[in-house]
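Participant: Please find one structure pasted underneath; my questions will follow.
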Amino acid sequence: MQQLSDLITYLFQNSPFYQNWFKAQNISISDISSIEDLKKLRTVSKQDFAAHNMDFLCCNQNKIADFCTTSGTTGNAVMVPLTENDINRLAENEARTFTLAELNTSDVCMLMLTLDKQFMAGIAYYEGLRKLKIPAVRSGSVSPQTQLKNILQFKPTVLVAVPSFILKVIEESSAQGIEINSLSVKKIICIGEAIRDENLEPNNLAKNILANWNVQLFSTHASSEMQTAFSECTHGKGNHINSNLIIAEILDEKGNEVPNGDIGELTITTFGVEAMPLLRYRTGDIVFAIHETCECGSNEMRISPVLGRKNEMLKYKGTTIFPSSIFNVLQSQNFIKDFLVEAESKEGRTEKLVVNICCTEQTENFKQNLENFFRTALRVTPEIKFCSESELAAMRPAENRKIQRFVTR
Ligand SMILES: [Zn+2]
C-alpha cells in the first residue's frame, strides 16, 4: 500500500518520536508495507502523545500555519500544529462531509461553533465550505438568542452545531413565539455528541430535536489528533471513513483487532498529514465497524457513533455502562434542564454513581419514574440528586469548549 509506505518513510525521516519508537521495536522501513504489517507495531496512547507532544512534529517551525490544541479536559492542552497543506487536507475532508450531506452552492451554512480558542473543527468546516463555494455564516459559540437572530437574518439552510445546544435554540424560539418550522433551516450537521444509538437509530437527544423541528440530522465523529472527520451520508447508517485520509482499526484491550462488528477502541493512522501525522494512535473512542455496503452504494468501511470513551467505561453493580447511556435516559425527559453524572471508582469498579439533575419537576414521583427508566435501560439505577443551576455549575470543573456532563472522583 503506497500511502502507508510513504507515511512510514516520512516518519523515519522526520518524526523524532517515531524514530525512537521504531528503533525500540527493531522496525525498519521495509517491515511495514501493508495494513496487515501494522500489527507488528505497538500502538501509541494519548499519554504518549501528551508526554512527547513536540517530538511528534515532523516539520520546521517556519512551516506551521496554525497552532491547534486538542479539546482535552485535563492538564495542559496538547498541541496539534498545522501546515498550509494540513489545512487544505482538513478542507478536503470537510468538503466531503458536506458533499455526503448533499449540500450545494445554493445552500447557506451557519457555523455554530467556536472559530477561535485554537479549535480545529471551526477552521476545518469553514475551509470545507470555502472549497465548495458554499456561503458561510460564522455565528460562533454565542447565546441561543444570538443564534436565533442570525438564523432569522442570514436564513441558513444548514447548521453545523452541537445537538444539545440545538435544543436551547428550539426553546428560545418557542419563548419568543417563533414557529421553528417557519425558519430556513433544513439540515443540521451534528458535532461533538452522538445522535444515534448502538442500532444506528436516533437516540433520545435526536428524537427530542426531531419532535420539535422538521430537519434532517447528520452525525459526525472527529478529533483534533485525527485531523479527520467521519460523516454520515443521507442514509444515516454509520459514519463513512475516507480511506484516502485515514486507516481505522478497532482494537481490544490487548491491541488485537476485534472480530468483525464487535466493539473496541478506534485506533487510527493518518495519511497526508505534514506536521503531526499519527501511526496506530489509540483515540480512546469505543466504536464498532460496519463493513456492509451502504445504501448510498459506498463500500468504504463505516463506524458506529461513539458508544463511550474508554476511560469512562464504568463497572457498576456488575454491569458495564458508559456515561452516554445515562445521558440518553436523561435526555428523554423534558423536565430536565441540565445534569452532571458523577462516578467514584476504586480498582476498576464504580462504587458510587450519582446523577445530579437540575429540573422543573423536583418530586418524589418523578424521581421514582426516572429510576424505573434507568432500570429498564441500564439494568441498574444510579443515585438521583436534585440540585439548582448554580449548584450544578459549582460541581462542574472549569472548562472551555465543551459542556462537561460527566466527572470522576
Ligand atoms: Zn452511505
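Participant: Under a point-charge model restricted to the Cβ atoms of Lys and Arg (+1) and Asp and Glu (-1), what is the dipole moment magnitude of segment 313-408 relative to its Cα centre, in debye to the nearest 20?
Facilitator: About 360 debye.
Participant: Could I ask something else about it? Can you sort Cys296, Cys233, Cys190 so the residue with the fewest Cβ neighbours within 10 Å comes first?
Facilitator: If I rank by nearby Cβ atoms, fewest first, I get Cys296, Cys233, Cys190.
Participant: Additional query: Among Ser184, Ser345, Ser304, which comes first, second and so on when ranked by fewest other beta-carbon atoms within 10 Å?
Facilitator: Ranked by crowding around the Cβ, least crowded first: Ser184, Ser345, Ser304.
Participant: Please report, in debye to the nearest 20, how large the charge dipole of the chain is about its Cα centre when each Lys and Arg carries +1 at its beta carbon and each Asp and Glu carries -1 there.
Facilitator: With Lys and Arg at +1 and Asp and Glu at -1, about 460 debye.
Participant: Arrange Asp86, Asp116, Asp37, Asp31 by Cβ neighbour counts within 10 Å, fewest through most, would you?
Facilitator: Asp116, Asp31, Asp37, Asp86
Participant: Using a ≥ b ≥ c from the Cα gyration tensor of the chain (square roots of the eigenvalues), is it rounded, prolate or oblate, where a/c under 1.5 gives rounded and otherwise the larger of a/b and b/c decides, a/b for prolate?
Facilitator: Cα axes put the chain in the oblate bin.
Participant: Something else about it: My understanding is that a pair violates if its Cα-Cα distance is over 31 Å; which of Lys40/Lys131; Lys346/Lys385; Lys63/Lys133 do that in this structure?
Facilitator: Result: Lys40/Lys131 exceed 31 Å.
Participant: I want the local charge near Val215. Using Cβ-Cβ distances under 9 Å, sum +1 for each Lys or Arg and -1 for each Asp or Glu among the other residues.
Facilitator: +2
Participant: Same structure again: What does the charge add up to near Ala91, with Lys and Arg as +1, Asp and Glu as -1, over the other residues with Cβ less than 9 Å from its Cβ?
Facilitator: 0
Participant: In degrees, nearest 10, range 0 to 90: what is the angle between the Cα axis of helix 120-132 and the longest Cα principal axis of the chain?
Facilitator: Between helix and principal axis, roughly 80 degrees.
Participant: Please enumerate, by chain and number, the lysines with C-alpha under 21 Å from the C-alpha of Lys39, excluding those fewer than 8 residues away in the same chain.
Facilitator: Within the straight-line limit of under 21 Å, Lys39 reaches these lysines: Lys23, Lys254, Lys310.
Participant: Packing-wise, with mean Cβ within 10 Å as the measure, how do 62-68, 202-208, 258-264 rank, highest first?
Facilitator: For the peptides 62-68, 202-208, 258-264, the packing ranking is 202-208, 62-68, 258-264.
Participant: Another question about this same structure. If I take R0 = 41 Å and measure r between the Cβ atoms of Ser28 and Thr320 in this structure, what FRET efficiency does the formula 1/(1 + (r/R0)^6) give, to the nearest 0.05?
Facilitator: After rounding, the FRET efficiency stands at 0.50.
Participant: Here's something else I'd like to know. Where the centre of each part is set by its Cα atoms, how far does segment 204-232 sit from segment 1-70, in angstrom?
Facilitator: Spelled out, the Cα-based centre of one part sits 31 Å from the other.
Participant: Mind ordering 95-101, 40-46 by average Cβ neighbours within 10 Å, highest first?
Facilitator: 95-101, 40-46
Participant: Given contacts defined as C-alpha pairs under 8 Å and at least six residues apart, what's the relative contact order of the chain, whole-number percent?
Facilitator: With pairs under 8 Å counted, the relative contact order is 12 percent.
Participant: In straight Cα distance, which lysines are under 17 Å from Lys117, not counting same-chain residues fewer than 8 positions off?
Facilitator: Partners within reach: Lys402.
Participant: Between the DSSP loop rule and a limit of at most 16 other Cβ atoms within 10 Å, which GluC sites (Glu not before Pro) in segment 39-138 are left?
Facilitator: Listed in order of number, the matching sites are Glu102.
Participant: Something else: For segment 186-262, what does the alpha-carbon gyration tensor say about shape, rounded, prolate or oblate, given a ≥ b ≥ c as the root eigenvalues, a/c under 1.5 as rounded, and a/b over b/c as prolate?
Facilitator: It is prolate, given that a/c is not under 1.5 and a/b is the larger ratio.
Participant: Between beta-carbons, use under 14 Å as the cut-off and find the net charge around Val380, counting Lys and Arg +1, Asp and Glu -1.
Facilitator: Charge balance near Val380 sits at +3.
Participant: Give the cross-link partners of Lys207 among the lysines, using a straight C-alpha distance below 20 Å as the criterion and excluding same-chain residues fewer than 8 apart.
Facilitator: Counting by Cα, and skipping residues close in sequence, Lys207 has these lysines nearby: Lys168, Lys186, Lys187, Lys237, Lys337.
Read-outs: derived from the displayed coordinates by stated rules, not from any lab. Quantities reported herein were computed from a predicted structural model and do not represent experimental measurements. FYI the Cβ positions are ideal-geometry reconstructions off the backbone, even for glycines, and counts take in every protein chain you see.
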